[in-house]
1. How many residues does region 300-315 contain that are assigned to a loop (DSSP other than H, G, I, E, B) and within 13 Å of ligand 2 (Cβ to nearest atom)?
2. Which residue, of 252, 260, is closer than 25 Å to residue 416 by Cβ and either at pLDDT 95 or above or assigned to a helix (DSSP H, G or I) (or both)?
3. Return the residues of region 54-64 that are in contact with a helix residue (DSSP H, G or I) (Cβ under 8 Å, 6 or more places away or on another chain) and either open to solvent by less than 70 Å² (accessible area, probe 1.4 Å) or touching a residue at least 60 places away in the same chain (Cβ under 8 Å) (or both); say none if nothing qualifies.
4. What number of residues within region 16-37 are open to solvent by 10 Å² or more (accessible area, probe 1.4 Å), in contact with a Gly (Cβ under 9 Å, 6 or more places away or on another chain) and either under 27 Å from residue 408 (Cα atoms) or within 16 Å of ligand 2 (Cβ to nearest atom) (or both)?
5. Can you pull out every residue in region 379-416 that is under 22 Å from residue 107 (Cα atoms), touching a residue at least 60 places away in the same chain (Cβ under 8 Å) and open to solvent by 20 Å² or more (accessible area, probe 1.4 Å)?
6. Please pick out the residue among 6, 57 that is away from ligand 1 (no atom under 16 Å from the Cβ), on the phi > 0 side of the Ramachandran plot and in contact with a strand residue (DSSP E or B) (Cβ under 9 Å, 6 or more places away or on another chain).
7. Select, from 228, 170, the only residue that is open to solvent by 20 Å² or more (accessible area, probe 1.4 Å) and touching a residue at least 24 places away in the same chain (Cβ under 8 Å).
Amino acid sequence: IIQRVYAREVLDSRGKPTVEAEVHLSGGAMGSAIVPSGASTGSAEACELRDEDPAYYDGQGTLLAVKNVNHLLGPAIVGMRAEEQMSLDERLIEIDGTPNKSQLGANAILAVSLAAAQAAAVAWQVPLFRYLNGHYNTVAQKLSRGSFVSVAPRMPLPMTNMISGGKHAGGNLDFQDILVMPHAASHYAVGLEWIVRIYRRLGTLLNRAGYEGYLVGDEGGYGPRLPGNREAVEFVVRAIELAGLKPGEQVSIAIDVAASHFYRDGAYQLAAEQGKKLTSSEMVDRLEQWMNAFPITSIEDGLAEEDWNGWQELTKRLGGRAHIVGDDLFATNPQRINKGRDLQAANAVLIKMNQIGTLSETLEAVALTKRAGFAAVVSARSGESEDTFMSDLAVAVAADRIKIGSIARSERLAKYNRLLRIGEMLR
Ligand code: PGA
Ligand code: ZN
């Protein structure tokens, strides 16, 4: 039984305020959670509440959200059972009363939702991923029409950021991330060693070529001032080779284009190419050329968040050869995921808990993703913390992939390390 809920303001990996909540149960168990925050946010995301007081953290304070937990959300769930995640989340959504959680703040609501699950897992004395796995299967069964097969916890394939651009690294490149996936590694720990080796070799290559192989972006990926987007992919391919690994055969490449953020006045405007304007079809041509030239097997946000027709074309043309991943496109929103399935406008969904704002809705989003036959990629935000809930989530729902950022900076490593521990428990 939930006895007390308490929130405080803490700082995220960019030194920006965020919300931490604690849920205390009658038996003495306690769970806590810190919510993350994005920079290249999609417009369909749930709203985080910020104080907007310019004299306090430049308007970025979260004291109002903290107050909403301590005075409204917390008291409303005191007396409920922490295991009743769905009723609990429904209650939180009801008190807020808006479709995008803008009244009390998705940051306030999510912190409470996650802390409650954490507290229940502690009370039951089971690892969080096992606890969440039970909930996931319950949600998935409810949504399934007819036959239902429950999923067992499973380690996801990491996709790790190597070079950052866009809003995560001062706009050096148009494309936001170039990532690697050690898809042929026999298990997670082996893949992690490959990733670190590639990252180090990439630093050496960048330095040798006169770029900044030590300056990193928000997620720990290198942020070099390269002449163009294509050079970034070329560097990563060479780093894979220098690490003694085979591009394509052992390690493949993923890109997060984050195209919503350079789509203006109906065109994709590439700053790295003197403002060259591409139509939606020309962007797809460009991505196809890249896929032919490089071992790319995953393209995230290759087009802008409302360019649904373009997404259909992209999926039709490249979906047979790669994951076409919707991040800003879906915003972890069940309705948008269903629309994507109806239109066949992607074949994979990026899952970020704070885009939707409660644990139950996140689990629903994953279940709908799988029911559509799409792949699920559990993802961090560019603003993170030492909280590792997402690692447990990815294993609990048997996500295909996990996207944490790079293997530098401890808010990222906390999550990679949590997966090492979970891997031991699954062995
Ligand atoms: P964000 O970036 O957290 O800044 O939105 C992550 C991503 O685009 O995948
Ligand atoms: Zn993205």
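1. Step one: list which residues in region 300-315 are assigned to a loop (DSSP other than H, G, I, E, B), which gives 301-307.
Checking which are within 13 Å of ligand 2 (Cβ to nearest atom) leaves us with 301-305.
Of the residues in region 300-315, 5 are assigned to a loop (DSSP other than H, G, I, E, B) and within 13 Å of ligand 2 (Cβ to nearest atom).
2. Working: 260 fails: closer than 25 Å to residue 416 by Cβ.
Every option except 252 fails the conditions.
3. Of region 54-64, the ones in contact with a helix residue (DSSP H, G or I) (Cβ under 8 Å, 6 or more places away or on another chain) are 56, 62.
The one that is in contact with a helix residue (DSSP H, G or I) (Cβ under 8 Å, 6 or more places away or on another chain) and either open to solvent by less than 70 Å² (accessible area, probe 1.4 Å) or touching a residue at least 60 places away in the same chain (Cβ under 8 Å) (or both): 62.
4. Residues that pass the stated criteria total 2.
5. Listed by number, the residues that qualify are 386, 387, 411.
6. Values: 6 fails: on the phi > 0 side of the Ramachandran plot.
Criteria check complete, one pass: 57.
7. Details: 228 fails: open to solvent by 20 Å² or more (accessible area, probe 1.4 Å).
Result: 170 is the single residue among 228, 170 that is open to solvent by 20 Å² or more (accessible area, probe 1.4 Å) and touching a residue at least 24 places away in the same chain (Cβ under 8 Å).
Yes/no per residue for (1) within 13 Å of ligand 2 (Cβ to nearest atom); (2) in a loop (DSSP other than H, G, I, E, B); (3) closer than 13 Å to residue 367 by Cα:
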{"residue": "317", "(1), (2), (3)": "no, no, no"}
{"residue": "320", "(1), (2), (3)": "no, yes, no"}
{"residue": "330", "(1), (2), (3)": "yes, yes, no"}
{"residue": "335", "(1), (2), (3)": "no, no, yes"}
{"residue": "338", "(1), (2), (3)": "no, no, yes"}
{"residue": "342", "(1), (2), (3)": "no, no, no"}
{"residue": "345", "(1), (2), (3)": "no, yes, no"}
{"residue": "349", "(1), (2), (3)": "yes, no, yes"}
{"residue": "355", "(1), (2), (3)": "yes, no, no"}
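The values are calculated or read from the model by the stated rules, or taken from the named source; none is laboratory data. Fair warning: this is a prediction, and the values are worked out from it, not measured in the lab. Ideal geometry is used to build each Cβ from the backbone, glycine not excepted, and the neighbour counts take in all protein chains shown. Areas reflect the complete protein model, heavy atoms only, side chains present, ligands, DNA and RNA absent. Shrake-Rupley method; radii C 1.70, N 1.55, O 1.52, S 1.80 Å.
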